[in-house]
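First up is the structure itself, then whatever we jot down about it.
The values are calculated or read from the model by the stated rules, or taken from the named source; none is laboratory data. None of the values given here were measured: they were computed from a predicted structure. Positions of Cβ are backbone-derived with ideal geometry, glycine not excepted, and every protein chain shown enters the neighbour counts. Just the protein is used for accessible areas: all its heavy atoms, side chains included, with ligands, DNA and RNA removed. Shrake-Rupley method; radii C 1.70, N 1.55, O 1.52, S 1.80 Å.
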Amino acid sequence: MAHQADSKRMLDNRGYSGRTLHSGNPAALLEKAVLDRIVESYYWKEQCFGLNEATLCDRAAELTCIGGTFGVAQKPTPFLCLLLKLLQLVPERDVVLCYLRQPDFKYLTALAAFYVRLAWEPKDVYATLEPLLADCRKLRRRTREAFAMGYVDQFVDDLLTKERVCATSLQKLPRRRDLEDLDVLEPRVSPLGEELEEIDEDVSPAEED
């Protein structure tokens, strides 16, 4: 009951006094209908109770897919429930980077990437997530009616380019080029850049003709 009461207080923006993101209640970064489904779900009540920054890793290591809501009742996935728990915890940046960069649990990486997209400023979102565009580990995604296969880099690309991912509306990111023009970001160097240069150097003038 205490866990449920804490959840209800988290969803109530009136007089909210906890840690904030973007100057507000972190839970407000998720849509209210989705929030209501999460806090009423079995997984939230039974598996998210009492989690802290360390024990959340154990839960994330058990994940078998990413996803938002599924089924006729639009039940929330464990992935989405743990995202709300991260928003509730508001972990320090070093902790989030540890989640993101550890090599063993790809769904923890995906969870941390989703949190970064929601919680951090655009400059940091680009700088932190773009290296994951070279991560080709497979991810299983739960859709409304079935499962589909994807990759970490595809999921991160969705986070950077789409307005809605895993039943969650994302705040619009400024274009990367605009941030470069403002000297907020350095131009992005493709990880394939050096390989392409080597290929160009190996092509002889005769081959080009």
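Between Lys45 and Thr161, what is the FRET efficiency for a Förster distance of 41 Å, r being their Cβ-Cβ separation, to the nearest 0.05?
After rounding to 0.05, the efficiency reads 0.75.
What does the extension gain come out to for Gln102 and Glu186, with contour length at 0.36 nm per residue minus their alpha carbon separation?
That pair, Gln102 and Glu186, stretches by 27.7 nm at full extension.
Just want to confirm a number: the relative contact order over the range 22-186, from Cα pairs under 8 angstrom separated by 6+ residues, in percent.
Computed over the range 22-186, the figure is 23 percent.
Checking the cross-link filter: which lysines have an alpha carbon closer than 27 Å to that of Lys45, excluding same-chain neighbours under 8 positions apart?
Cα-Cα hits under 27 Å: Lys8, Lys32, Lys75, Lys85, Lys106.
For the range 22-186, report the accessible area per residue in Å² (1.4 Å probe, heavy atoms, rounded to an integer).
Here the residues of the range 22-186 average 50 Å² of exposed surface.
On average over all directions, what projected area in square nanometres does the range 22-186 have, based on the convex hull of its Cα atoms?
9.5 nm²
Between Ala61 and Ser169, what is the FRET efficiency for a Förster distance of 45 Å, r being their Cβ-Cβ separation, to the nearest 0.05?
Once rounded, the FRET efficiency stands at 0.95.
Describe numerically, in nm with one decimal, the distance between label points set 7 Å from Cα along Cα→Cβ at Ala54 and at Asp36.
So the label points at Ala54 and Asp36 sit 3.8 nm apart.
With just the Cα atoms defining each centre, how far is the range 72-142 from the range 21-39? Give it in Å.
The range 72-142 and the range 21-39 have Cα centres separated by 16 Å.
Between Glu145 and Glu92, what's the calculated FRET efficiency when r is the beta-carbon distance and R0 is 35 Å? Round to 0.05.
E(calc), rounded to 0.05, equals 0.35.
Calculate what fraction, in whole %, of the accessible area of the range 22-186 sits on carbon and sulfur atoms when a 1.4 Å probe is rolled over the protein chains.
50 percent
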